[in-house]
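Let me begin by presenting the structure, written as structure tokens, before commenting on it.
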Amino acid sequence: MKILLLFIILSNFNFGFSQNTLTLFNTPSPLVLDWTTPTSLAKDAAKNYLAAKILPFIYHRRYIGHVNVELICEEKRLFTGMTAIKMNALKELWNGRGFGILYHSFEGKLEDESTWNEIQTLLDRKISNFVQFDISQKTCQKLTTYFQEYKKYNIEDHYGLVHRPLYGEGAGCSAFAISFLEVAGLMKEEYKDKWSNIVNVPLIYSGAPLTKKKISLFSLFTQNISWAKEPEGLKTLLYWSPDLIHQWVNNKVKSYHENKNLYSLKKIKNSKGIVINATHIESTHPTWKEQFNNVHLPDLTKEKNF
């Protein structure tokens, strides 16, 4: 009885410890996007769009996948993510953008706490998963300042796959989440290798903003188009993938018994994720990779975005 009483007292006693965490919540596309070729990508994007629109009760509305960010600094909590105000990609493709759509800038905005209920539902349905980093108080404060400056510079105004947030260009949902890892000094080669991919976008099938061409939407689905090779006209695109991040987390959960010393497991609702202790890591490099006064569009004259 005394032991039970002591346990209750200790469980409710505030020892002055507080946890600082950075968590990425990863939602894959409903049917997964196949980036093997531009044609497979176009077809899968259409399939995922229809699945999200027609069968949201079976799948979900994030038809290209999504990544959200949660930052907890002691008692303060931030939940956010980058998204488009209106994701009118189909309209842009109909207007002849072709694979120039990969470089299109949509009007963007930051998500807030109102999105948390959606993520909880997806966790409950075992659709989303997560990777949590336990971080130091100093790192947590640096990330808080980064987010405040992100809003100050209006970087949320531009949403797109090619955008680099730490250069002040705007961001896609995944690049936005990854930027928190970069600012915190948590980025590893493993993450870059497993969470991102690089493709050579063929200019011959690309309209605005890369060229002045009008590309038939029909041709994107009916022709067996490949990613470009030298010396063809091309743009090299690095993108971060919610599907790849989600798959990586699932693989880590499955191989936990082989890697107990590297991370731990955690469950939120019905979904399992991993927890990485990064409290010993502190970033010493500047937050921003380029000096600027306000958000600006990427320089599309460059051959690549990295």
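Bear in mind that the values in this text are calculations on the coordinates, not laboratory data. Predicted, not measured: the structure shown is a model, and the values here were computed from it. Ideal geometry is used to build each Cβ from the backbone, glycine not excepted, and the neighbour counts take in all protein chains shown.
Please name which of Ala177, Phe147, Ile127 has its Cα lying farthest along the dipole of the chain towards the positive end, using unit charges on Cβ (Lys, Arg +1; Asp, Glu -1) and the Cα centre as origin.
Final value for the positive-end residue is Ile127.
In debye, nearest 20, what is the charge dipole magnitude of the chain about its Cα centre with +1 on Lys and Arg Cβ and -1 on Asp and Glu Cβ, if you could check?
Numbers: 37 positive and 29 negative charges, 136 e Å.
For this selection, approximately 660 debye.
Enumerate the residues in region 128-162 having an amide nitrogen under 11 Å from the point lying 7 Å beyond the Cα of Lys76 toward its Cβ.
It comes to 140-148, nothing else.
Give a residue-ordered list of calculated ³J(HN,Hα) values for region 28-35 (Karplus: 6.51 cos²θ - 1.76 cosθ + 1.60, θ = phi - 60°; whole Hz; x for Gly, Pro).
So the J values, rounded to whole Hz, are x, 5, x, 10, 6, 9, 9, 8.
Which three numbers, in whole Å and largest first, are the semi-axes of the equivalent ellipsoid of the chain derived from its Cα gyration tensor as √(5λ)? It would help to have the intermediate numbers written out before the result.
Numbers: eigenvalues 277, 99, 60 Å².
Each semi-axis is √(5λ); the values are 37, 22, 17 Å.
How long is region 63-141 along each principal axis, judged by its Cα atoms, biggest number first, in Å?
Computed over the Cα atoms, the extents are 49, 31, 20 Å.
Which values of log₁₀ I(q)/I(0), to two decimal places, follow from the Debye formula for region 105-165 at q = 0.16, 0.20, 0.23, 0.24 Å⁻¹ with a uniform point scatterer at every Cα?
Taking Cα atoms of region 105-165 as identical point scatterers yields -0.81, -1.08, -1.10, -1.09.
Which three semi-axes in whole Å describe the equivalent ellipsoid of region 163-306, each the square root of 5 times a Cα gyration tensor eigenvalue, listed largest first?
Square roots of five times the eigenvalues give 34, 22, 13 Å.
Place the peptides 254-260, 169-175 in order of packing, highest mean first, counting for every residue the other Cβ atoms within 10 Å and averaging per peptide.
169-175, 254-260
Using θ = phi - 60° and the Karplus curve 6.51 cos²θ - 1.76 cosθ + 1.60, what whole-Hz ³J(HN,Hα) does each residue of region 287-299 get, with Gly and Pro shown as x?
5, 9, 8, 8, 7, 7, 9, 7, 4, 8, 6, x, 7
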